[in-house]
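This report concerns only the one structure given below.
What follows draws every value from the coordinates through simple rules; no lab data is involved. Nothing here was measured: the structure is a model prediction, and the numbers come from that model. Virtual Cβ from ideal backbone geometry, glycine too; neighbours counted across all protein chains shown.
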Amino acid sequence: MNIHEHQAKAVLKEFGVAVPRGFPAYSPNEAKEAAKQLQGSPVFVVKSQIHAGGRGKGRFEGLGPDAKGGVRVVKTADDVKANADEMLGRVLVTHQTGAAGKQVNRLYIEEGADIAKELYLSLLVDRVSSRVSVVASTEGGMDIEEVAHNTPEKIITFTIDPATGIFPHHGRALARALNLKGDLAKQGAKLLTQLYTAFLAKDMDMLEINPLVVTGDEKLIVLDAKVSFDSNSLFRHPDIVALRDETEEDQKEIEASKFDLSYIALDGEIGCMVNGAGLAMATLDIIKLYGSEPANFLDVGGGATTEKVTAAFKIITSDPKVKGILVNIFGGIMKCDIIAEGVIAAVKEVGLKVPLVVRLEGTNVELGKKIINDSGLNVIAADDLADAAAKIVKAVKG
């Protein structure tokens, strides 16, 4: 689960992290009032709040090529209101949103900072080492992707063992990576401890600060923050769940979460319903191998009921890009007859307007096939995964 920048900073502030003053705004008038509350700041920063990076270099649909991006620095409260009026309700397109972009429904009005140096710092779950990985670079700012591509040696990584936690040598490693000296090195070590504590306490799986800035008076300030949380741990954090912004999420994924389905929307044309994450990944791969693209990842799990299977089928068919559906089930805990009953119930309820290929194997496979054959549905049967992929791609391609 992702949250907005202003929410991420509020969470980090609970752990003592230094962040600039700022207020969220949902209308131009709220933006102006927020600027008034930041009296004393020489400039104000008007920041679009969307779940995507690259906002500063983004462009708004409907504005000319010379228009400012999604992060703007202005001098007066009236300027804040004018820019808010231009930004709110518009679609912002960045390199992370894709061509569709994301509509800006809220802003963050923040005090300006005297930036002397921009740095990069992030904490990630390293699943290979089963540790928290710290990634740091002296080349922070909007072009960090180019740094990673062109000069990867400028990005330093080290890990923290969860069995021992933070030690002084981690702070020294961060100071070396970011070229921090004297008091700034001490501030860096303190910040790392605060971030690591927040990371564990809130079950984050990614915490990115870009940029982490050194100010003119040699203070380390978190100028931007991007945080995502382990969805499997949200039951422990009702305060974090309350921060969820469903307008930033795919509606099909939201619906899937209500039925505890593992669903991720993709850009292809063949909808997939599979049991087991590994089999689902193999299904996506073989669809591509046979010349088409999957429209989704969907794992119904090992203990799915007819109700969950019906819901999964509805979600797939609600995607207008889907031109065909492949059901690929290897029955173990999930019995083939349950899948068959769910597919039939869903088709009867929502109809079937695209080709449907079903491959069943495993527990109760003969019963599952009989249920489908006796249903009278126009279903294409497949003997194995390769046969299923070939048939659904052929059906979709015409």
If the reach is capped at under 27 angstrom between alpha carbons, list the lysines near LYS394, excluding any in the same chain fewer than eight residues apart. LYS252, LYS288, LYS314, LYS321, LYS323, LYS348, LYS353, LYS369, LYS370
Average Cα contact separation per residue, segment 283-398, under 8 Å, 6 or more apart, as relative contact order %: 30
Report the charge-dipole magnitude of the chain in Debye, nearest 20, computed about the Cα centre from +1 at each Lys and Arg Cβ and -1 at each Asp and Glu Cβ. 320
Candidate cut points under trypsin sites (Lys or Arg not before Pro) in segment 1-82, DSSP loop plus at most 13 other Cβ atoms within 10 Å of their own Cβ, are ARG21, LYS57, LYS75
Leading residue at positive end of dipole, the chain (Cβ point charges), from THR363, GLY351, GLY188: GLY188
Burial ordering of PHE297, PHE313, fewest other beta-carbon atoms within 10 Å first: PHE297, PHE313
As I understand it, the value is the acute angle between the Cα axis of helix 336-350 and the longest principal axis of the Cα atoms of the chain; what does it come to in degrees, rounded to 10? 80
If amide hydrogens are placed 1.01 Å from N in the peptide plane, which non-local residues have theirs closer than 5 Å to the one on ASP224? ASN210
For THR138 and ALA277 in one chain, what is 0.36 nm times their gap in residues minus the Cα-Cα distance, to one decimal in nm? 46.2 nm
If each of LYS288 and LYS370 carries a label point 7 Å out from its Cα toward its Cβ, how far apart are those two points in nm? 4.0
Could you grab the relative contact order for the chain? Cα pairs under 8 Å, six or more apart, rounded to a whole percent. 12
Under Karplus coefficients 6.51, -1.76 and 1.60, residue-wise ³J(HN,Hα) of segment 312-319 in Hz, glycine/proline x: 4, 5, 4, 5, 4, 6, 6, 7
What shape does the chain have by the C-alpha gyration tensor, where a ≥ b ≥ c are the square roots of the eigenvalues, rounded means a/c under 1.5, and otherwise prolate means a/b greater than b/c and oblate the rest? prolate
For LEU352 and LYS75, calculate 0.36 nm times their separation in residues minus their Cα-Cα distance, and state this gained length in nm to one decimal. 94.0 nm
According to a simple spin-label model (label point 7 Å from Cα along Cα-to-Cβ), what is the distance in nm between ALA18 and LYS397? 6.0
Simple spin-label model, 7 Å along Cα-to-Cβ: ASP183 to ASP239 in nm? 3.0
Estimated dipole of segment 48-169 in Debye, rounded to 20 [Cβ of Lys and Arg +1, of Asp and Glu -1, Cα centre]: 320
Along segment 382-398, Karplus-curve 3J(HN,Hα) (6.51, -1.76, 1.60; θ = phi - 60°) to the nearest Hz, with x for Gly and Pro, reads 10, 7, 8, 5, 5, 5, 5, 5, 4, 5, 6, 5, 5, 5, 6, 6, x
Rel. contact order, % - alpha carbon contacts under 8 angstrom, at least six apart, segment 115-240: 28
Cα pairs beyond 24 Å in segment 250-397, in percent, come to 19
Given Cβ point charges of +1 (Lys, Arg) and -1 (Asp, Glu) and nothing else, what value in debye, to the nearest 20, does the dipole of segment 250-397 about its Cα centre take? 360
Sequence of PHE330, PHE15, PHE235 once ranked by neighbouring C-beta atoms within 10 Å, starting from the fewest: PHE235, PHE15, PHE330
Listed residues THR151, SER292, ILE316: farthest to the positive end of the dipole of the chain (Cβ charges): THR151
Sequence-distant residues sharing a close amide H with ILE270 (under 5 Å, placed H): GLU293, ALA295, LYS323
Once both axes come from the Cα atoms, what is the angle between helix 28-37 and the longest principal axis of the chain, in degrees from 0 to 90, rounded to 10? 40
Would you order PHE158, PHE60, PHE167 from fewest to most other beta-carbon atoms within 10 Å of each residue's own beta-carbon? PHE167, PHE158, PHE60
Amide N proximity, segment 1-26 versus LEU200 label position 7 Å along Cα-to-Cβ, cut-off under 20 Å: 11-18
P(r) histogram, all alpha-carbon pairs of segment 23-134 included - 10 Å bins from 0, percent: 14, 38, 29, 14, 4, 0
Along the positive direction of the dipole of segment 115-240 (beta-carbon charges: Lys, Arg +1; Asp, Glu -1; about the Cα centre), which of THR197, SER122, SER133 reaches farthest? THR197
Per DSSP H run of n ≥ 4, the term is -39500 (n - 2.57); total these for the chain, divide by its residue number, and report the mean residue ellipticity at 222 nm rounded to 500 deg cm²/dmol. -11000 deg cm²/dmol
